[in-house]
Every structure is written in C-alpha cells, then in structure tokens.
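Data first, discussion second: the structure below is written as structure tokens.
The values are calculated or read from the model by the stated rules, or taken from the named source; none is laboratory data. Model, not experiment: these values are computed from the prediction. In this analysis, Cβ positions are derived from the backbone assuming ideal geometry, glycine residues included, and neighbour counts consider all displayed protein chains.
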Amino acid sequence: MNRDAQTGGAEVVLIHDGRPFAARLSARLGERFRIGIYTVDAPPPPDRHKGAATVFSLADAESGGAAVRATLRAEDAVFVLADARPHQRQMARALGAGNVFAEAEPAHLINGAVIQAVNQAVESAWQNLSAEEQRALQSSVKSFGSLMTAGRNGEPLPMAEIHAACEDIRVALGVSDVDRWMNALSGHHDGTYRHSMYVCGALAFFAHEIGIKGSDLMDLTTGGFLHDVGKSRIPLAILDKPGKLDEAEWETMKGHPGFSREIMLREHGLEERIVRMAVHHHEKLDGTGYPDALSSAQIDDPTRLTAIADVYAALTEERAYKPAMPKEKAFGIMSSFKGHLDMDLLSRFREFMLDSSRETAAAPAKLSA
Ligand SMILES: [Fe+2]
Ligand SMILES: [Fe+2]
C-alpha cells in the first residue's frame, strides 16, 4: 500500500477558518505528523485525503458547515473550537462531529485524539489488503492493546488472544511479503505496536523462508510479538517523545527488558526461549549489552535473530525525529555491528529481506482500490 499516493503525503489534513489558533495548532501537530493545511473555503476533495485524519480548527462550528459536510466520515474527524459554549458543541455534533474539543483544553488531550484519528485512518486502509493480512493486522492491533494494558496493570497476559493473533500473523506472513506487512503498519502512531509488529512480521517471514515450521515458527512469531512487553511499564512521555531521548530518559528506557522479565516470569507455561527473546534482545555478542551483559555463548539463536530484527526495525521505522531508512542502507550499517550481532545470521536475514517478494502474494492491483 502506498499511503503517500492516497493522501498526497499528509497524515493529518487540517481545515481551518483563518484564526490565529490554527497556526499554533498546525505547528504543534506538525511536530508529530506530516500535515496538509487547507481553509474551509477551499477544502481538499475527499478523495485527496482518503487515508489521512481530518482536523477542523474553527472559530465557530457554523463557519465550517460546508467543509464538514464535504468530508468523509466527519464522525472520525477531530474538531477544535475557539468558542466551546454548549450551543457550539451541539452545532458541531449536529454536523456529525464525534470528537469535539475547546482550544483551551490540554494539548495532550487534543494530540491524543488526533493520534487516535490517524491510527483509525491507517487501520481503515487495511481493507485494501488480502483477507489474511487484514485478519492478522486487525487481531494484532486489538490483542497488542490488551497485552500492553495487562502489562501496565500487572494483570495476567491475555495469552489465548495473543496466540490467536500470532497464528493469524504466521498465516499472513506465509502468503504476504514482509514489505507489504511493514507498509501497512508504517503510518501507525502507536510506536510500540508498530515496532513490535515489524519485529514479529520480520521474524515470522524469515522463519517461513528458511523452512522453520511448527512450534519453532510459532515461538519465533510469539517472541517477536512479546519482545518489548516491558515497555508497557515505561512512561508514554518517554515512549512517544517526538525527539531523541536525553540520558536520564534513555536509562529509564533501558529498564524495559527487566520489566519484560518480571511480567513474563509470572506467566507459567510461557516457553523459556520466548522469555529469553524478550529479556535478552539487547545483549551483544561481545558482552557489552544489557540487562545482564551476557557473553556470546549464553545467547541462543532465537535471541540473536530477535536482536537482528529489532535493530532492522528500529532503523527502517520512521520516527518523529528521523525518516524511515531504506533497507539496503540499514543493512549497510548493521554489517558494521560485529561485536553486537551474529554476522552469519545477519547475512541470511539480509538475503531474505532484500528479496522479499512472494509470487503467491495477493496481486498488487488489489491494493490500489
Ligand atoms: Fe527492546
Ligand atoms: Fe524492540
């Protein structure tokens, strides 16, 4: 799927009626999203912003009436009103608005609603994919949400739901190719979800390609899904920071494998190699990794592979402070990580990721709908 072709590159379309607040809002949203700016007098035609979230910034709801009526799914749009008296909110709701805010409301609430609207737009574009991909993406987003909630609250992990999602992912990555999988996820703004599904999809795809089957294949897929579960205990302000982490934040972030250990050791019956993938994917072969500074002999193959998929995902993901890196360039950088990654496994992984097309994949024509 090519999101840029659908949206003209914008993740958020901001339609405003010329008030100064619109400039402040667009500057703030622009730190996080690719943004297209229009006025209520000249809104973009709906097919130009299919696949993007819509935000209305209005002095009063009535001024946006015509533009709102011309918008697809106004119920998913975010409305930010200068005048938030009840009759204004009612007017916005009469136009079909679902998410209505006053501009004086806290920025994180408005940002949160916009992130949700962007994710909804990304998820609705999944309907253009194959049935297997759709099923896997939909079950992954739902079960990953349950996983992180359980991890955060110290509750038992929803393992039946996670196993079902991983089974769907295993099936999807058996017929799809990994680039299509990553493209479908690329615009998602739940960074931990997107990253975890990149790692999970890469592991499932690679394992399929080299002929791993049965419980080994399922464990690699499940281990990829769960590998950063400890991030459920890291504050969102750090996970979602639209910039590089400072030293103290980085130290906090480095606590996530330890949290994964705590969370997973409570789950009796979880395969030990799945736990090791989560706890030790930041270990390095030369013993300088964390949390346990393991030596190479102590790091098994599934964990070595998780480390490779994890670095590959981190490099090829778009972040607020960096664009997505082309995969050839990512592998160029990774080939210099000799004390960190297993070079033999990396060269096999590289070979399959660079030649990732599948003859059996659903015809690309299906994607352009
Ligand atoms: Fe991690
Ligand atoms: Fe990771």
### Query
Just a yes or no: is a residue in segment 219-228 within 15 Å of ligand 1 (Cβ to nearest atom) and polar (S, T, N, Q)?
no
### Task
Would you point out which residue out of Leu217, Leu173 is at pLDDT 95 or above and closer than 22 Å to Ser130 by Cβ?
Leu217
### Some residue of segment 318-328 being of a type in the set (Ser, Thr, Tyr) and at pLDDT below 95
yes
### Message
Checking Thr303 against (1) β-branched (Val, Ile, Thr); (2) within 14 Å of ligand 1 (Cβ to nearest atom); (3) surrounded by fewer than 20 Cβ atoms within 10 Å (Cβ to Cβ), only one condition comes out false. Which one?
### Response
(3)
### Task
Within segment 52-59, identify whether any single residue is of a type in the set (S, T, N, Q) and either part of a helix (DSSP H, G or I) or in contact with a helix residue (DSSP H, G or I) (Cβ under 6 Å, 6 or more places away or on another chain) (or both), and answer yes or no.
yes
#### Entry: Qualifying positions in segment 169-211 - among the small types (Gly, Ala, Ser), surrounded by fewer than 24 Cβ atoms within 10 Å (Cβ to Cβ) and within 16 Å of ligand 1 (Cβ to nearest atom)
Gly191
### Task
Output yes when any residue across segment 321-339 is within 16 Å of ligand 1 (Cβ to nearest atom) and of a type in the set (D, E, K, R), and no when none is.
no
### Qualifying positions in segment 270-285 - out of contact with any His (no Cβ under 7 Å at 6 or more places or on another chain) and either within 14 Å of ligand 2 (Cβ to nearest atom) or free of Cβ contacts under 8 Å to residues at least 60 places away in the same chain (or both)
Glu271, Glu272, Arg273, Ile274, Val275, Arg276, Val279, His280, His282, Glu283
### Query
How many of the residues making up segment 233-255 are within 12 Å of ligand 1 (Cβ to nearest atom) and assigned to a helix (DSSP H, G or I)?
2
### helices (runs of 4 or more DSSP H) within segment 65-128 that include 1 or more residues in contact with a strand residue (DSSP E or B) (Cβ under 8 Å, 6 or more places away or on another chain), farther than 23 Å from His188 by Cβ and among the aliphatic types (A, V, I, L, M)
65-69, 86-94
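Here is a yes/no grid of residues against (1) surrounded by 17 or more Cβ atoms within 10 Å (Cβ to Cβ); (2) within 16 Å of Val175 (Cβ to Cβ):
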position: Val114; (1), (2): yes, no
position: Asn119; (1), (2): yes, no
position: Ala125; (1), (2): yes, no
position: Leu137; (1), (2): yes, yes
position: Ser140; (1), (2): yes, yes
position: Gly145; (1), (2): no, no
position: Thr149; (1), (2): no, no
### Message
Conditions first: (1) free of Cβ contacts under 8 Å to residues at least 60 places away in the same chain; (2) within 13 Å of ligand 1 (Cβ to nearest atom). Glu262 passes all but one, so which condition is the exception?
### Response
(2)
#### Entry: Qualifying residue in segment 177-197 (condition: within 17 Å of Arg304 (Cα to Cα) and within 17 Å of the chain's Cα centre (by Cα))
yes
### Message
Whether any residue in segment 300-312 is assigned to a loop (DSSP other than H, G, I, E, B), touching a residue at least 12 places away in the same chain (Cβ under 8 Å), within 20 Å of the chain's Cα centre (by Cα) and in the same structural domain as Ser335 (by TED's automatic domain parsing) is what I want to check.
### Response
no
#### Entry: Hits in segment 171-214 - residues which are without any contact (Cβ under 8 Å) to a residue 40 or more places away in the chain and within 16 Å of ligand 2 (Cβ to nearest atom)
Gly201, Ala204
### Qualifying position, being within 24 Å of Asp240 (Cβ to Cβ) and in contact with a strand residue (DSSP E or B) (Cβ under 8 Å, 6 or more places away or on another chain), among Gly51, Gly9, Gly18
Gly9
